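Below is one structure, written out as structure tokens; comments come after it.
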Amino acid sequence: MAGDEHRDETLRALRQLCGKGTHALEPQPQSRLSLGIPSLDALLPQGGLERGSLVEWISSVEASGAAILALQGVRLALEEHLAWVVVDVAGEFHPPAACGWGVSLESLLVLRPSSMEDAVWAVEQCLRCPAVGVTWFPSRHLPGRPLPDRVVQRWKRAAEVGGGIGVLFCPIEAVRRSSWADVRWRVESKIEKGDTGNLVKVELISCRGCFAGGIVELELHDATGDVCVVSAVASATAAVSAAEV
Amino acid sequence: MCVWCPLWPVQRLLSVQPRFKGCPLILLTESRRHLSVAAYSPEAVPYGVHVGMSLGEARSLWPIGSSRHLGRPLQKPIFRRTDPLADRTRLQALALHCQRYSPLVGLEDTVAPDSLWLDISGSEALFGGEEGLIHALRTDLAEQGIQVRIAIANTWGAAWAVSHFAESVISIIPSTEEQEDAIKSLPVAALRLPDKIVDSLRTLDILTIGQLMRLPRASLPSRFGKELGRRLDQALGLVPELLTAERSLEPLIVEWLFEEPMTDRQAVNHVCEVLLERLLTTLDDRRVGLRELICHWLGAETEPFSLRLLRPTTERRHLLGLLRLQCERHVFASGIHGVRIEVVEMGLPLVRQATLFGDDTQDKQPQAFAELVERLSSHLGYQAVLRAHLQPDPLPEFSCQYVPCLNSPTVVGGAPMILSRLRCRPLRLLRVPRLLSVETSSREVLPSRIERLPVIRVSGPERIESGWWRGVDAKRDYYRFDLSDGASLWAFCDRVSGHWFLHGLFS
């Protein structure tokens, strides 16, 4: 009996050791990267972006506020990574505005390639680098045809190696095309007379690996630097009209 | 021997930009509140320029709309900023050049040196005496467009004092006894004293070194500090003064000559790799890393390329990769006779031990980032990989300065800015403001339509009136226009012409 007890105890200890070993070999679930806007994070599976993702911000007009929304996530990504790279082919990116939205210029690296081929190469290099947290490519105001699929596919693979996030800004025509991007947002500006902030409607078009979707209305406040969800309350005018009836 | 180059920043700039010769050249330095005059050429003297006056005051000395000044044709002033680093570098190069007159040549020990010290003990005999040496040196420097004042004495302090304050351009003090007499009549500033001590002595009516020497020596330190006594002793040769001589490093060059002109890229690449391996082996022996190299294609019109790194390194794999990236950009149509690689700069490589346990991803990031910057700079060019520095300039186009990342790996400090004001700036700023077509009832009224789109909301104005020192004064009223299609524009009304320009988009 004593021998059996000893054997059981030994087996239990071995089982524990093996369990530890197996557990150590299992891939640890990686934490998700936040977009910096909780209401947008809530639309994504597991509440954030997977590392090594490509994110597309699609808007019908350029100055719609998409870049300001994307900027909110940069600040958080830079807590874990050294650099934020902006591939600025047009040479029109204006860093002081980014500084105003709380992103330190100490982490910013601006690339000004002279050709589209060099830009494509540079984006891939940045995505592949583990020190780069976010790689921006504002392609929407560039002349020429949209980026070929194989290019974006290569970028996707590079981002998976580097573990950072690739952010692309695309025109509205991109909605109709399939994309290698993991997450695609559509942004529409809703400007109304008398509003103090800038209202934008953000729609999750697609998210790789799930059937996610949803629409969020946000308000951007230049004065305070806040991005808030617009409260879903009834319009005051409508209420008065109902009372009159 | 002390060789003083009077107005060295001006002389240095004129040697680089000969077209400025004969023009009133005024060099400016940034003070706390404004740009002020730091140095000026003799041509600016008749206009009344003096050191310390602000840029605005200096500009106002030139009459507007007149072609003559004091009976002479009016010369347009040229304003440039001082470049202390370039001044020092050029003086160091001059010191190395002067090693043909003495093996020990150094710069005077100050923040902004403008004098060279030469230890000519024994070398004067090679030029037929001290006069011969001075003549040869002056002629040599004059050919380079550099005017100097030279003094020879037994101490550095005395030579400096005589070269700066004696009446004659050339002074030779043959013995120690005469040295004391020679400096007695010179002002106290000739002792290289701080302005504060010179002012204190002046208030006590002590104007010359002779007057100072008559004071009881024991009382000097308590009244004026130790610096005064030290400088006086150095000038008299009572305490030693050391000369730090400039040394030129032994050049590190490797070369490969082909038997016949070579056009095959693969062969050239292979030769480059072999030469780089040789260089790195030599650098390993010296225990230093490579910071910058330049590669010449012999016998070809192709421009040499330079490879600059963020930090010194000896990592072969990475360096070979960078070299291949550079080689890919060159086409050898007519063939090359050889390859020569020269090390321009080296330094101590930073070797850091990796973590023993745990995730070392964070530790690897600086190295990965440095490699990325070097790779990007190598392929795109140094001017395409940039760091942004905020500038305290109200004009948007000048509010950010871009510096190649290899020259400025980190953004240090920066101008203090109000964040809420920066948020009113667009993320996309056009390089050149674009003329807008607007619909407005009159010039005083804001546009109701821009590019045919109705304006939904306007905020502003932000009046910017600045930049007069650049030649054209910008007078703009900036507004943010929200259009019916959802776009937000940053446009301004030029108050001079009344036209509307698009300057940015709130992306």
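The values are calculated or read from the model by the stated rules, or taken from the named source; none is laboratory data. What you are looking at is a predicted structure, and each value in this text was computed from that prediction instead of being measured. Quick reminder, even Gly has a Cβ in these numbers, built from the backbone with ideal geometry, and neighbours come from all protein chains shown.
Select from the stretch B:376-387 the residues that are in a helix (DSSP H, G or I) and over 15 Å from B:Leu293 (Cα atoms) and write down the one among them that is nearest to the chain's Cα centre (by Cα).
So the first thing to find is which residues in the stretch B:376-387 are in a helix (DSSP H, G or I), and the list is B:376-380, B:382-384.
Applying the additional criterion that residues be over 15 Å from B:Leu293 (Cα atoms) yields B:376, B:379-380, B:383-384.
On the way: B:Leu376: 25, B:His379: 26, B:Leu380: 25, B:Gln383: 17, B:Ala384: 21 Å.
This residue is B:Gln383.
Which is assigned to a helix (DSSP H, G or I), of a type outside the set (S, T, N, Q) and modelled with pLDDT of 90 or more, of B:Ala182, B:Ala158? Don't jump to the end; show me each part of the working.
On the way: B:Ala182 fails: modelled with pLDDT of 90 or more.
Of the residues listed, the single one that is assigned to a helix (DSSP H, G or I), of a type outside the set (S, T, N, Q) and modelled with pLDDT of 90 or more is B:Ala158.
Considering the stretch A:89-135 alone, what residues qualify as being closer than 25 Å to B:Gly321 by Cβ and aromatic (Phe, Trp, Tyr)? The answer is A:Trp121, and nothing else.
Just name the residue that is modelled with the lowest pLDDT out of those in the stretch A:65-79 that are more than 25 Å from A:Val120 (Cβ to Cβ) and at the interface with chain B (Cβ under 8 Å from one of its Cβ atoms). Result: A:Gly65.
Applying the condition of being within 17 Å of B:Val403 (Cβ to Cβ) and more than 7 Å from chain B (Cβ to nearest Cβ) to the stretch A:85-112 and asking which residue is surrounded by the fewest Cβ atoms within 10 Å (Cβ to Cβ) yields A:Ser104.
Taking the criterion of being facing chain B (nearest Cβ under 8 Å), in contact with a Leu (Cβ under 9 Å, 6 or more places away or on another chain) and closer than 23 Å to B:Val403 by Cα, would at least one residue in the stretch A:137-153 satisfy it? Working first, answer last.
In the first step, residues of the stretch A:137-153 are kept if they are facing chain B (nearest Cβ under 8 Å); the result is A:138, A:141.
Restricting the remaining residues to those that are in contact with a Leu (Cβ under 9 Å, 6 or more places away or on another chain) gives A:138, A:141.
Checking which are closer than 23 Å to B:Val403 by Cα leaves us with A:138.
Yes, the stretch A:137-153 contains a residue that is facing chain B (nearest Cβ under 8 Å), in contact with a Leu (Cβ under 9 Å, 6 or more places away or on another chain) and closer than 23 Å to B:Val403 by Cα.
Filtering the stretch B:98-156 to residues that are among the aromatic types (Phe, Trp, Tyr) and within 32 Å of the chain's Cα centre (by Cα) leaves B:Tyr101, B:Trp117, B:Trp156. All of A:Glu192, A:Glu219, A:Glu188 fail the test of being within 14 Å of chain B (Cβ to nearest Cβ), surrounded by 17 or more Cβ atoms within 10 Å (Cβ to Cβ) and modelled with pLDDT under 85, apart from A:Glu219.
Kindly establish whether A:Ala181 is more than 13 Å from chain B (Cβ to nearest Cβ) and either in a loop (DSSP other than H, G, I, E, B) or at positive phi (or both). If you could, list the steps in order and put the result at the bottom.
Details: more than 13 Å from chain B (Cβ to nearest Cβ): yes; either in a loop (DSSP other than H, G, I, E, B) or at positive phi (or both): yes.
Here the answer is yes, as A:Ala181 does meet what is asked.
Please tell me if B:Leu118 is in contact (Cβ under 8 Å) with a residue 40 or more places away in the chain, surrounded by 13 or more Cβ atoms within 10 Å (Cβ to Cβ) and in contact with a Ser or Thr (Cβ under 8 Å, 6 or more places away or on another chain). Here the answer is yes, as B:Leu118 does meet what is asked.
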